[in-house]
Amino acid sequence: MDSVETGTFLGRIPFARIGSGQNPILVINGGQGFMMKPDPARISKDARRLKRLLPNDRSFVLLGYDPDPATVTVEGLADAAGEIIGRHLDGRADVVGISYGGVVASRLATRSPDKVSRLILLASAHRFSTQGRRLVRRQIELIEAGNMKGLLREFTSMFRNPWLNRLAGLRIRLGANHILQRFGKPEVIVQYLDAMLQDELPCADAVPLDTPTLIVGGNKDQFFAEAMVEAASRSSGMRFTILEGHSHMAPIECGTAVKRSIANFLQ
């Protein structure tokens, strides 16, 4: 099993690192990075899962989220990632953003293009689509109503494979209380989700045009499909691996294809 180094950057942002090679990839985690408590065991588990999708010969750093932020904005998250690259990753890095983290990574590339060598948006885009924003708003409503089990059930229809959806539903029915014990503070989760609803940067300023970029995802992604199409219309230089018929869970269901696409892009 790969050894995992864990710690915090800037005294507040948790991270996990696998490998000690030069020029590590910086990966900005998805929403699970703030929905779950950022204890070392949790972020280590996330990093080991992520390793299955990244090139075997590259080390990487998985970046989480401040568990007790004063305020949350997309710009602030991007600037913090940029500061981490400047202080800890020799000033420049290949960056992967997963889902929520992809919006942050995209903003990082537009605000600080000198710090991003290449950008990969995994099951993500420069913004949430209209349906994605609707789903985020629904998540906030469930949390504010105290219906955390309802929040969990929102994720039982995300897979393309119906058996995986049923398995996710069974796991929640049998272990919802245990899962919820590992959740972060509801008010903090709302802060992070609401930051995306407040993010209104025009498309022309949000799509990174000067950074080599790859978008990998399903054409039926519930959160980002529309925005992927929009990105393609804005930049002819972007590369895409669009998995037909697949949803937001394409990286889980199509791991081999996703890993091959990422490795080819970073070669």
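The values are calculated or read from the model by the stated rules, or taken from the named source; none is laboratory data. None of the values given here were measured: they were computed from a predicted structure. Here Cβ is always computed from backbone atoms with ideal geometry, including for glycine, and neighbour counts include all displayed protein chains. Remember, those area values only see protein heavy atoms, side chains included, never the ligands or the DNA or RNA. Shrake-Rupley method; radii C 1.70, N 1.55, O 1.52, S 1.80 Å.
Which members of the stretch 47-57 meet the condition of being open to solvent by 40 Å² or more (accessible area, probe 1.4 Å) and in contact with a helix residue (DSSP H, G or I) (Cβ under 7 Å, 6 or more places away or on another chain)? Outline the logic, then answer.
Restricting attention to the stretch 47-57, the residues satisfying the condition of being open to solvent by 40 Å² or more (accessible area, probe 1.4 Å) are 48-49, 51-52, 56-57.
Of everything in the stretch 47-57, just one residue is open to solvent by 40 Å² or more (accessible area, probe 1.4 Å) and in contact with a helix residue (DSSP H, G or I) (Cβ under 7 Å, 6 or more places away or on another chain), namely Arg52.
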- prompt: Within the stretch 67-92, how many residues are acidic (Asp, Glu) and either in contact with a Ser or Thr (Cβ under 9 Å, 6 or more places away or on another chain) or surrounded by 23 or more Cβ atoms within 10 Å (Cβ to Cβ) (or both)?
  reply: 1
message: Test of understanding: among Ser261, Ser236, which residue is over 19 Å from the mean Cα position of the chain (by Cα), hydroxyl-bearing (Ser, Thr, Tyr) and over 21 Å from Gly76 (Cβ atoms)?
response: Ser236
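Each row is one residue, and each column tells you yes or no for (1) open to solvent by 60 Å² or more (accessible area, probe 1.4 Å); (2) hydrophobic (A, V, I, L, M, F, W, C); (3) at pLDDT 95 or above.
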site: Arg17; (1), (2), (3): no, no, yes
site: Gln22; (1), (2), (3): yes, no, no
site: Arg42; (1), (2), (3): no, no, no
site: Lys45; (1), (2), (3): yes, no, no
query: (1) touching a residue at least 24 places away in the same chain (Cβ under 8 Å); (2) under 24 Å from Ile252 (Cα atoms); (3) touching a helix residue (DSSP H, G or I) at 6+ places or on another chain (Cβ under 7 Å): which one isn't true of Ile140, the others all being true?
result: (2)
message: Here are the criteria: (1) surrounded by 15 or more Cβ atoms within 10 Å (Cβ to Cβ); (2) free of Cβ contacts under 8 Å to residues at least 40 places away in the same chain. Tell me which single one Tyr192 does not satisfy.
response: (2)
- request: Filter the stretch 93-133 down to residues that are surrounded by fewer than 24 Cβ atoms within 10 Å (Cβ to Cβ) and among the hydroxyl-bearing types (Ser, Thr, Tyr) and give me whichever is farthest from Gln22 (Cα to Cα).
  value: Thr130
field: Residue match in the stretch 156-167 (condition: closer than 30 Å to Arg234 by Cα and in contact with a His (Cβ under 8 Å, 6 or more places away or on another chain))
entry: yes
Near pairs, Cβ below 6 angstrom, 6+ apart or cross-chain, from the stretch 6-20 (charged (D, E, K, R)) to any residue that is part of a strand (DSSP E or B) and open to solvent by less than 10 Å² (accessible area, probe 1.4 Å): Arg17/Val61
task: Would you be able to say whether some residue in the stretch 160-171 is open to solvent by less than 10 Å² (accessible area, probe 1.4 Å), farther than 17 Å from Leu10 by Cβ and either outside any helix (DSSP H, G or I) or touching a helix residue (DSSP H, G or I) at 6+ places or on another chain (Cβ under 6 Å) (or both)?
output: no
Near pairs, Cβ below 7 angstrom, 6+ apart or cross-chain, from the stretch 23-49 (among the polar types (S, T, N, Q)) to any residue that is open to solvent by 20 Å² or more (accessible area, probe 1.4 Å): Asn29/Ile98; Ser44/Val4; Ser44/Thr6
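Please determine whether any residue of the stretch 176-187 is on the phi > 0 side of the Ramachandran plot and open to solvent by 40 Å² or more (accessible area, probe 1.4 Å). Break it down into steps so the answer makes sense when it comes.
Here is the first cut: in the stretch 176-187, the ones on the phi > 0 side of the Ramachandran plot are none.
No, that holds for no residue.
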- prompt: Quick check, is Ala145 loosely packed, with under 14 Cβ neighbours inside 10 Å, of a type in the set (A, V, I, L, M) and more than 29 Å from Leu54 (Cβ to Cβ)?
  reply: yes
- line: Inside the stretch 199-221, the number of residues satisfying the requirement of being in contact with a helix residue (DSSP H, G or I) (Cβ under 6 Å, 6 or more places away or on another chain), open to solvent by less than 50 Å² (accessible area, probe 1.4 Å), at pLDDT 80 or above and part of a loop (DSSP other than H, G, I, E, B) is 2
In the stretch 227-267, the residues that are open to solvent by 80 Å² or more (accessible area, probe 1.4 Å) and under 26 Å from Gln131 (Cα atoms): Val229, Ser233, Arg234, Ser236, Arg239, Glu244, Ile252
- prompt: Can you name the number of the only condition in (1) in contact with a Phe, Trp or Tyr (Cβ under 6 Å, 6 or more places away or on another chain); (2) under 26 Å from Asp221 (Cβ atoms) that Thr110 fails?
  reply: (1)
